[in-house]
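Report on the following structure.
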Amino acid sequence: MAGGSHERWGSQLEYLLSCLGYAVGIGNLWRFPYLCYRNGGGAFLIPYLLTLVTCGIPLVYLETFLGQFASAGCISVFNINPLFKGAGYAAVILNVIAIIYFASILSYPILYIYHSFSSPLPWQSCGNYWNTEKCVEITGNYSFIGNGSVTTPEDEFFHIRLLRMSSDINHIGGIVWPIFCCNVICWILVYLCICNGVKSVGKIVYFTVLFPYVVLCALFIRGITLPGAWQGILYFLLPDWNQLAKPKVWADAATQIFYSLGPGWGGLVSMASFNRFHYDNLRSSIIIPLVNSGTSIWAGLVVFSVLGFAAERAGVPVGSVASAGPGLAFVTYPTAVSMMPAPNFWAITFFVMLFFLGVDTMFVTIEAIIAGLLDEFTQLRKRKKLVTLGTCLILFLLSIICNTEGGLHVLGLLDAHVAIACVPVVCGLELIGAVYTYGPKRLAIDVLFTTGRPLKPIWIVLWRYIIPVLLLIITTYSLREASGLAGWSVALISVVCVPIHAARVLFKAKGSFKQRLLESCKPNSDWGPDEPEIRERWKSFQNQHMSSTASMELKK
């Protein structure tokens, strides 16, 4: 192939760890625990695990198989149906927007690590120059915390001292230079880790993926030994069966699967594209979602054991100290850490873990952008280091908007809207392209040729009938959460690539509209195995099995 051959993982363990690093991220720590306790505790696990089995695992299996079979990134994988190729470009834009704010999030742990070497911890008490008259230390029964009458030193340290947060998104303000400097450090580290492609990423993930598990284990052991820990754990897991009657609980469970696992984002497709062609990806497609979900539950136990301790020390209910999003990681958890023995050690440990949880997600997200572009413009493969440097530089410049005084407002806007339309649309078009227009017979033949394993009918049933309905429900529910012109713009800016590219393809085609439509939905000449020798064997294998199937149907 012009432009050089496709890269390959050094071992399949590198692939597995990279996918785990991509799937297991900061969201497992600050999103899932809050959703679980808010939506019925242990009862929430029922819709969550059902969605995992019926939707999460099948989509991971399909995405990783398509990426591996065609050695294609998130754009070229749509050679299976060129009419839908705009969904690949939508996934690239989705990842670009996500990186803009995610890089800023990773700047926060770096800054917290720096401040964690101060003794006492700077967020432990009021009386500092940045504190306001509302600042109250949680040392007694302050059940009115959260009603706006008072704030905690941890809250003021994060929002006033570190972020210098403006009043709203209409006041962006100037650059917060400590956040900017940490953003620079983050991007330098990321570039050095990914500059050699999967060869370097595959080695680094041994540390960046496994280290957080070591820290989680230490934090879990420490957490359950704290007074009040079991109060927090019970608050997290105690089932409220009445919640299962609410549609929102089921929708939250399904949405969390997409945010956490990453189908439709392009990362899984890109990582699988570096696999050996005949690798049997079924087992890893089950392991990755199960480990990801298990980590979410485990992280919830860790977080709420510490929150239970903080609630007991403060004399308030656990619900008063539990929050979602950045507040859980950068306000609530530091509150609990400041009450523990050796607070500096546990603060440094927690924020180092938080950084590594996010950084390998960033590796794969950027790699998905680069892989998508290189697969479409193969002549650039010989200059991949330069392409990687240019991509990182552009993404860094875009991320500066989140280093401003209004950066947290921008972050919240992007995080709440970036994926609500794009991810379900991309997943839906993948399903239509692979199962409906390409066809279940040809897909089953490709699976047999690639892995030597027949495709079970249950996968076709899930892909063809169950998941499309779930995607429609998720999209309808998610779009209800969009708000304002800015929110709708962020939600739809990537999705517009789909109709624009489809119109371009149909315009170039010849014949009547129906002929153009049918022709544009057929796989193009680039679809299939990347290596010429395998490609020839695949064509022969496919023709042989299609002929056998046709003969059997004639006899019937």
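The values are calculated or read from the model by the stated rules, or taken from the named source; none is laboratory data. As the structure is a computational prediction, the values presented were derived from the model and not from experiment. Don't worry about glycine lacking a Cβ; one is built from the backbone with ideal geometry, like all the others, and counts go over all protein chains shown. What goes into the accessible areas is simple: the full protein's heavy atoms, side chains included, and nothing from ligands, DNA or RNA. Shrake-Rupley method; radii C 1.70, N 1.55, O 1.52, S 1.80 Å.
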Worksheet item: Out of all the residues in the range 202-210, is one or more under 29 Å from V53 (Cβ atoms), hydrophobic (A, V, I, L, M, F, W, C), part of a helix (DSSP H, G or I) and in contact with an Asp or Glu (Cβ under 9 Å, 6 or more places away or on another chain)?
Response: yes
Fill in: Residue pairs meeting the criteria (Cβ under 9 Å; at least 6 apart or on separate chains; first of a type in the set (D, E), in the range 1-14; second at pLDDT 85 or above and open to solvent by 70 Å² or more (accessible area, probe 1.4 Å))
E14/Y206
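Within the group T64, T54, which residue is buried (at least 23 other Cβ atoms within 10 Å of the Cβ) and either within 16 Å of C427 (Cβ to Cβ) or among the aromatic types (F, W, Y) (or both)? Spell out the reasoning first.
Details: T54 fails: buried (at least 23 other Cβ atoms within 10 Å of the Cβ).
Answer to the selection: T64.
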Item to complete: Give the residue that is nearest to the chain's Cα centre (by Cα), with candidates limited to residues of the range 189-205 that are more than 17 Å from S270 (Cα to Cα) and β-branched (V, I, T).
Response: V190
Worksheet item: For V490, all conditions in the list (1) assigned to a loop (DSSP other than H, G, I, E, B); (2) surrounded by 19 or more Cβ atoms within 10 Å (Cβ to Cβ) hold save one; what is the number of the exception?
Response: (1)
Worksheet item: If you check G202 against the conditions, is it at pLDDT 85 or above, touching a Gly at 6+ places or on another chain (Cβ under 7 Å) and surrounded by 21 or more Cβ atoms within 10 Å (Cβ to Cβ)?
Response: no
Discussion item. Among the residues of the range 142-155, are any surrounded by fewer than 23 Cβ atoms within 10 Å (Cβ to Cβ), at pLDDT below 85, more than 21 Å from S399 (Cβ to Cβ) and under 31 Å from the mean Cα position of the chain (by Cα)?
Written reply: yes
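With L413, L431 as the choices, which residue is in contact with a Phe, Trp or Tyr (Cβ under 9 Å, 6 or more places away or on another chain), assigned to a helix (DSSP H, G or I) and open to solvent by less than 20 Å² (accessible area, probe 1.4 Å)?
Numbers: L413 fails: open to solvent by less than 20 Å² (accessible area, probe 1.4 Å).
Checking each option against the conditions leaves just L431.
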Worksheet item: Out of the range 493-504, which residues are among the aliphatic types (A, V, I, L, M), under 26 Å from N170 (Cβ atoms) and crowded, with 17+ Cβ neighbours inside 10 Å?
Response: I493, V495
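If you scan the range 280-314, which residues turn out to be outside any helix (DSSP H, G or I) and either on the phi > 0 side of the Ramachandran plot or open to solvent by less than 10 Å² (accessible area, probe 1.4 Å) (or both)? Can you show your working first?
Here is the first cut: in the range 280-314, the residues outside any helix (DSSP H, G or I) are 280-281.
Of everything in the range 280-314, just one residue is outside any helix (DSSP H, G or I) and either on the phi > 0 side of the Ramachandran plot or open to solvent by less than 10 Å² (accessible area, probe 1.4 Å) (or both), namely N281.
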Worksheet item: With L121, L106, L111, L83 as the choices, which residue is crowded, with 24+ Cβ neighbours inside 10 Å, among the hydrophobic types (A, V, I, L, M, F, W, C) and either closer than 18 Å to G264 by Cα or more than 21 Å from the chain's Cα centre (by Cα) (or both)?
Response: L83
Response to the item:
Across (1) under 23 Å from C186 (Cα atoms); (2) open to solvent by 20 Å² or more (accessible area, probe 1.4 Å), L354 clears everything bar (2)
Worksheet, complete the sentence: Among the residues of the range 324-365, the number that are more than 17 Å from L411 (Cα to Cα), touching a residue at least 12 places away in the same chain (Cβ under 8 Å) and among the small types (G, A, S) is 3
Worksheet item: Yes or no: R276 of a type in the set (D, E, K, R), open to solvent by 50 Å² or more (accessible area, probe 1.4 Å), within 28 Å of T361 (Cα to Cα) and in a loop (DSSP other than H, G, I, E, B)?
Response: yes
Discussion item. Among the numbered criteria (1) free of Cβ contacts under 8 Å to residues at least 40 places away in the same chain; (2) within 29 Å of S399 (Cα to Cα); (3) not charged (D, E, K, R), which one does L94 miss?
Written reply: (1)
Worksheet item: Is at least one residue of the range 464-486 within 16 Å of E63 (Cα to Cα) and open to solvent by 20 Å² or more (accessible area, probe 1.4 Å)?
Response: yes
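Determine whether S540 is open to solvent by 30 Å² or more (accessible area, probe 1.4 Å) and either closer than 19 Å to Y61 by Cβ or among the polar types (S, T, N, Q) (or both).
Values: open to solvent by 30 Å² or more (accessible area, probe 1.4 Å): yes; either closer than 19 Å to Y61 by Cβ or among the polar types (S, T, N, Q) (or both): yes.
It is true that S540 is open to solvent by 30 Å² or more (accessible area, probe 1.4 Å) and either closer than 19 Å to Y61 by Cβ or among the polar types (S, T, N, Q) (or both).
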Practice prompt. Look at the range 395-410 and say how many of its residues are open to solvent by less than 20 Å² (accessible area, probe 1.4 Å) and either more than 22 Å from L485 (Cα to Cα) or of a type outside the set (S, T, N, Q) (or both).
Written response: 6
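Going by what's in this entry, would F507 be described as at negative phi, open to solvent by less than 30 Å² (accessible area, probe 1.4 Å) and among the aromatic types (F, W, Y)? I'd like the intermediate steps shown before the answer.
Working: at negative phi: yes; open to solvent by less than 30 Å² (accessible area, probe 1.4 Å): no; among the aromatic types (F, W, Y): yes.
So F507 does not fit the description; no.
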Worksheet entry | Members of the range 272-315 that are of a type in the set (F, W, Y) and touching a Gly at 6+ places or on another chain (Cβ under 6 Å) | F304, F309
Response to the item:
Of (1) modelled with pLDDT of 85 or more; (2) surrounded by fewer than 17 Cβ atoms within 10 Å (Cβ to Cβ), Q243 fails just (2)
Fill in: Checklist (1) at positive phi; (2) buried (at least 19 other Cβ atoms within 10 Å of the Cβ) applied to G452, failing item
(2)
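Just to check your reading of the model, which residue among W459, W463, W527 is closer than 27 Å to F274 by Cα, of a type in the set (F, W, Y) and not in a helix (DSSP H, G or I)? Show your work before the answer.
Values: W459 fails: not in a helix (DSSP H, G or I); W463 fails: not in a helix (DSSP H, G or I).
Step by step, each of W459, W463, W527 is checked, and only W527 is closer than 27 Å to F274 by Cα, of a type in the set (F, W, Y) and not in a helix (DSSP H, G or I).
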Worksheet item: On the given criteria, is I46 under 18 Å from the mean Cα position of the chain (by Cα) and assigned to a helix (DSSP H, G or I)?
Response: no
